[in-house]
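Everything below concerns the one structure shown next.
The numbers here are math on the coordinates, done by the rules we state, and not lab data. Owing to the predicted nature of the structure, the values given are computational and were not obtained by experimental measurement. Reconstructed Cβ throughout: ideal geometry from the backbone, glycine too, with neighbour counts over all protein chains shown.
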Amino acid sequence: MRKFARSAVVAGVGFALAAVLSPVAHAVSQAPAPKAQGQIWVHAFENAPTYEEATTHSPKVGRGIRKGESAPVICMSTTGWYKIPDASQDPVWAEANHFDSVVHMPKC
C-alpha cells in the first residue's frame with residue numbers, strides 16, 4: 001500500500017506542476033478581467049435629485065439618491081448626467097457631480 005500511496009503523491013505533484021507550467025494555464029490566468037455587465041455602482045457624497053430627462057428643467061422623479069447611498073448607473077451622457085435604472089418606470093437621470101468619480105464610465 002505504501003508503494004501505491006507514494007506513486008499517487010508523485011502523480012499528483014506531477015499533474016499540479018504541469019498545470020502551473022502549462023501555457024494554457026498561464027493564458028487563462030493572464031486573460032483580461034471580464035467587462036462589467038450592465039451597470040456600474042457609484043456612491044453619492046451628497047443628495048442627488050433625479051429627473052425625467054438629463055436637465056434640471058425637467059420634472060424631478062422619486063426621492064433621488066440620498067447622501068451615502070450607492071446607485072447603479074447604466075451610462076453617462078456627454079453633458080455630465082448619469083442614467084439610473086428605476087424599477088417603476090423608465091430610467092431617471094442624476095447629475096454626475098453629486099457622485100464619486102468613475103474612471104471608465106460607458107457613454108450614453
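Calculated FRET efficiency, residue 88 and residue 45, Cβ-Cβ r, R0 41 Å, to nearest 0.05?
Result of the calculation: an efficiency of 0.95.
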| query | How far apart, in nm, are two points set 7 Å out from the Cα along the Cα-to-Cβ line at residue 58 and at residue 108? | reply | 0.6 nm
| Net length gained if the chain between residue 79 and residue 101 were fully extended (0.36 nm per residue, minus Cα distance) | 6.4 nm
| said: In Å, what Kirkwood hydrodynamic radius results for the range 54-102 from the alpha-carbon pair distances? | reply: 11.3 Å
| query | Which net charge results for the neighbourhood of residue 86, defined as the other residues with beta-carbon distances under 12 angstrom from its beta-carbon, given Lys and Arg at +1 and Asp and Glu at -1? | reply | 0
